[in-house]
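In what follows, a single structure is set out as structure tokens and then discussed.
Nothing in this text is a laboratory measurement; each read-out follows from the coordinates by a stated rule. This structure is a prediction, so every number in the text was calculated from the model and none was measured. Using ideal geometry, Cβ is built from the backbone for each residue, glycine included, and neighbour counts are taken over all protein chains shown.
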């Protein structure tokens with residue numbers, strides 16, 4: 001599960017990590033007032049204090065897309081809010097269709113002397129949570145890792161003892177921090193490590209972590225977190241009602257949400273051949289085989305090992321709601337899964353599915369491969385319902401099924 005930046009900042013603040021004042025808005029008319037609130041809290045001028053307006057979406061590339069704007073007056077904040085809430089954001093991560101922006105963060109601006117990258121995630125090779133840091137923050141960390149791997153610092157975290165202060169100090173020194181910056185950075189790293197474990201995170205990222213210019217009250221500057229990103233382990237959400245409450249369904253694919261309600265694992269892809277499979281590994285193999293025969297899968301859909309007729313029927317509804325789907329491959333290898341249940345779900349889906357012209361039944365090519373538990377009964381059921389399944393082709397194995405569906409959709 002992901003959360004928005006404004007929620008991530010609140011989470012950081014709850015663990016004592018300093019962040020600039022900020023507020024979330026959903027209406028253009030609120031921008032004027034909130035600009036004044038956040039600049040006043042930060043001790044900035046009410047008339048020309050620096051603030052930033054940021055679109056709150058689960059996609060990167062906001063700055064390059066024009067959806068992060070620096071403003072210096074209530075009117076500029078309102079103009080930025082009007083632009084962002086009235087236009088879709090199109091970036092390298094959204095695709096050409098873009099994303100509708102429904103929420104904005106207005107935060108007090110800060111002067112930046114240096115930017116750093118700081119994150120904690122799980123290293124699959126060492127099987128440990130690992131602190132990652134770089135003196136080159138504010139940019140694409142993947143690019144830095146690829147082009148300058150020496151710029152990435154890593155500190156494995158002991159699974160029982162956690163991140164130790166001396167380990168955090170070493171990272172701070174290696175980042176080039178000095179004076180009171182070191183102590184501030186250590187507190188932030190230790191707090192982030194606690195937060196990561198406490199909330200069952202899979203990623204806790206601060207980018208950038210910044211140091212402000214020196215002044216009389218802070219001769220070494222202040223270390224602040226001005227942007228953050230969190231991902232949470234879905235398997236741990238039952239322990240965290242507070243994190244569950246931060247979920248924003250408007251940022252998720254509606255079909256993926258619908259699938260989740262029926263216990264289905266569904267991910268939309270860009271192809272035109274819908275896939276209904278039992279088991280994640282078999283689903284991956286099915287998509288690979290479709291591509292091997294020159295086709296493009298339109299989705300990953302795993303009905304699992306104990307799907308009901310209702311869930312299978314719903315799976316077809318989800319697959320065919322994608323206007324790009326020109327054919328469907330059902331590939332079931334029944335172990336726990338009963339092939340007869342799958343067949344009943346297919347027939348029910350065909351009987352209940354309504355086309356745009358008001359007719360019922362599938363018009364797209366349908367290729368079904370059933371093997372394993374009750375496969376003979378499942379095949380017989382499909383054959384007896386041929387009137388409802390005029391486009392049905394039976395397949396003997398995965399290769400045969402993939403070849404037939406690719407040929408059928410052209």
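Numerical summary
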read-out: Between 0 and 90°, nearest 10: helix 5-14 axis offset from the chain longest Cα axis; value: 60
read-out: Additional length obtainable on full extension of the chain from residue 323 to residue 306, 0.36 nm per residue less Cα span; value: 3.3 nm
read-out: Extension reserve of the residue 253-residue 79 stretch, reckoned as 0.36 nm per residue once the Cα distance is removed; value: 59.7 nm
read-out: Candidates 129, 299, 235: whichever shows maximal mean-square fluctuation once the chain is modelled as a Gaussian network with Cα springs under 10 Å; value: 235
read-out: Net length gained if the chain between residue 265 and residue 111 were fully extended (0.36 nm per residue, minus Cα distance); value: 50.9 nm
read-out: Sites residue 284 and residue 27 - FRET efficiency at Förster radius 45 Å, r taken between beta-carbons, to 0.05; value: 0.55
read-out: Helix 30-41 vs. the chain, principal-axis angle (Cα, 0 to 90°, nearest 10); value: 40
read-out: Rg(Cα) / (2.2 N^0.38 Å) computed for the range 356-410, rounded to two decimals; value: 1.22
read-out: Backbone N under 18 Å from the residue 355 label point (7 Å along Cα→Cβ), restricted to the range 362-396; value: 362-367, 386-393
read-out: Those residues of the range 316-336 whose amide nitrogen sits under 19 Å from the label point placed on residue 377, 7 Å along Cα→Cβ; value: 332-336
read-out: Between 0 and 90°, nearest 10: helix 74-86 axis offset from the chain longest Cα axis; value: 10
read-out: The range 354-410-the range 189-246 distance, computed between alpha-carbon centres (Å); value: 50
read-out: Taking 166, 158, 240, 114 and counting other C-beta atoms within 10 Å, the order from fewest to most; value: 166, 158, 240, 114
read-out: Rule-of-thumb Rg ratio for the chain [Cα; 2.2 N^0.38 Å; N residues]; value: 1.21
read-out: Alpha carbon centroid spacing (whole Å) that separates the range 134-170 from the range 30-92; value: 30
read-out: Where labels lie 7 Å past Cα in the beta-carbon direction, separation of residue 13 and residue 70 in nm; value: 2.3
read-out: Calculated [θ] (222 nm, deg cm²/dmol) that DSSP helices of n ≥ 4 give over the chain, each run adding -39,500 (n - 2.57); value: -10500 deg cm²/dmol
read-out: Within a Gaussian network of the chain (alpha carbon springs, distance under 10 Å), most fluctuating of 251, 314, 100; value: 314
read-out: FRET efficiency estimate (nearest 0.05) - Cβ-Cβ, residue 384 to residue 47, R0 60 angstrom; value: 0.15
